Amino acid sequence: MEDEPLLNAGIGACLNADGEVELDAGVMEGAALRAGGVACVKDVRHPVDLAMEVMRDGRHVLLSGSGASRFARDHGVEMTDPSIFINNRKRQLRQQGADTVGAVARDSEGRLAVAVSTGGISGKLPGRIGDSPIPGAGMYADDLFGAVCGTGQGEAFIRLGLARLMVVELQHGMEAGAVARGAVDFLGKSLRARGGVIVIGREGPPHAAFNTPAMPWAKAQ
Ligand code: ASP
């Protein structure tokens, strides 16, 4: 999905206040609560691959900017000229914190995972880090309870610790659909923020909820 120019990740991602693309991505595996995130990367072809590499390496959870790029080069992650991400400057300036890409997954053995990749929000200050690479804010996975992925105003997700909160609600026995609806309601009522979430529990289908005009999502078995 980072290669699809219509989505706010990789090619076609929104532009910051300097007219540049700065990308964030995160992954988490619910089995051992391993997580990796990268922020403000400009020259990594697939930021989600770099997040995976950070997670596999295991020393740190979050890397940003030039340090993340150096780590990418050192670990053989594909690099690129930053200009590749800009394919339609006008449209990329208009992106309003939407169309981030993310997935939650449960395999046949019940293992849960989440991955998310984004350009953030258009016009953001250079150096801004959103919720997507931050475990507990824009994503979370715990095999015991569920996996969550968010999109929307990242500052609100960070302030509410929303992804972690949702997993705690699953832990307390709330049904996944109710957790998703409740999270979006909370986002809107507490901080007047807009966004959407997808969530999958230990059993049953995934659920989505959003208070944005639309949030395309799909499920596969
Ligand atoms: N949540 C992302 C961010 O704030 C933006 C989005 O989901 O579109 O970085």
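Pull out a ≥ b ≥ c, the square roots of the eigenvalues of the alpha-carbon gyration tensor of the stretch 50-137, then state rounded if a/c is under 1.5, prolate if not and a/b is larger than b/c, and oblate in the remaining case. Show your work: numbers first, answer last.
Details: a/c = 1.86, a/b = 1.28, b/c = 1.46.
Here the stretch 50-137 falls in the oblate category.
If you roll a 1.4 angstrom probe over the protein chains with everything in place, what fraction of the accessible area of the chain belongs to carbon and sulfur, to the nearest %? Walk me through the intermediate numbers first.
On the way: 5440 of 10390 Å².
Using a 1.4 Å probe with all protein chains present, the chain comes out at 52 percent carbon and sulfur.
Students often check this: by mean Cβ neighbours within 10 Å, which of 188-199, 139-150 ranks highest, and how do the rest follow? If you can, show how the numbers build up before the last one.
Details: 188-199: 19.7, 139-150: 26.8.
Result, highest mean first: 139-150, 188-199.
So which trypsin sites (Lys or Arg not before Pro) in the stretch 1-88 pass both tests, a DSSP loop state and at most 14 other Cβ atoms within 10 Å of the Cβ? Provide the component values of the computation, followed by the final result.
Values: sites: R34, K42, R45, R56, R59, R70, R73; in loops: K42, R45, R59.
Answer by residue number: R59.
Considering only C-alpha atoms, what is the centroid distance from the stretch 193-221 to the stretch 1-80, in Å?
Distance between centres, Cα-based: 23 Å.
How much mean residue ellipticity at 222 nm does the chain get from its helices, if each DSSP H run of length 4 or more adds -39500 (n - 2.57) and you divide by all residues, to the nearest 500 deg cm²/dmol? Mind dumping the intermediate values first?
Details: 6 runs with 60 residues, N = 221.
The per-residue figure over the chain is -8000 deg cm²/dmol.
If you roll a 1.4 Å probe over the heavy atoms of the protein chains, what accessible area per residue do you get for the chain, in Å²? Write out the running numbers ahead of the final one.
Details: 10390 Å² over 221 residues.
For the chain, the per-residue accessible area is 47 Å².
Work out how much length M1 to T212 would gain on full extension: take 0.36 nm times their residue separation and subtract the Cα-Cα distance, in nm to one decimal. Write out the running numbers ahead of the final one.
Values: separation 211, 0.36 × 211 = 75.96 nm, distance 2.04 nm.
Full extension of this stretch gives 73.9 nm more.
Output the pairs from K42/K90; K90/K219; K90/K124 with a Cα-Cα distance over 24 Å in this structure; if there are none, say none.
Numbers: K42/K90 19 Å; K90/K219 31 Å; K90/K124 16 Å.
Violating the 24 Å Cα-Cα cut-off are K90/K219.
Are there GluC sites (Glu not before Pro) in the stretch 122-221 that DSSP marks as loop and that have at most 15 other Cβ atoms within 10 Å, and which are they? Before the final figure, lay out each step's value.
On the way: sites: E155, E169, E175, E203; in loops: E175, E203.
Taking the stretch 122-221 and a limit of 15 other Cβ atoms within 10 Å, the loop GluC sites (Glu not before Pro) found are E175, E203.
For the chain, just say rounded, prolate or oblate: build the C-alpha gyration tensor, square-root its eigenvalues into a ≥ b ≥ c, call rounded for a/c under 1.5, and beyond that prolate if a/b exceeds b/c, oblate if not.
On the way: a/c = 1.86, a/b = 1.31, b/c = 1.42.
Note, shape of the chain comes out oblate.
What distance in nm lies between label points placed 7 Å from Cα along the C-beta direction at D57 and R159?
Spacing of the two 7 Å Cα→Cβ label points: 3.2 nm.
The values are calculated or read from the model by the stated rules, or taken from the named source; none is laboratory data. A quick note: this is a predicted structure, and the numbers were derived from the prediction, not measured. So basically every Cβ, Gly included, is an ideal-geometry build from the backbone, and we count neighbours across all protein chains shown. We work out accessible area using only protein heavy atoms, side chains counted, and drop any ligands, DNA or RNA first. Shrake-Rupley method; radii C 1.70, N 1.55, O 1.52, S 1.80 Å.
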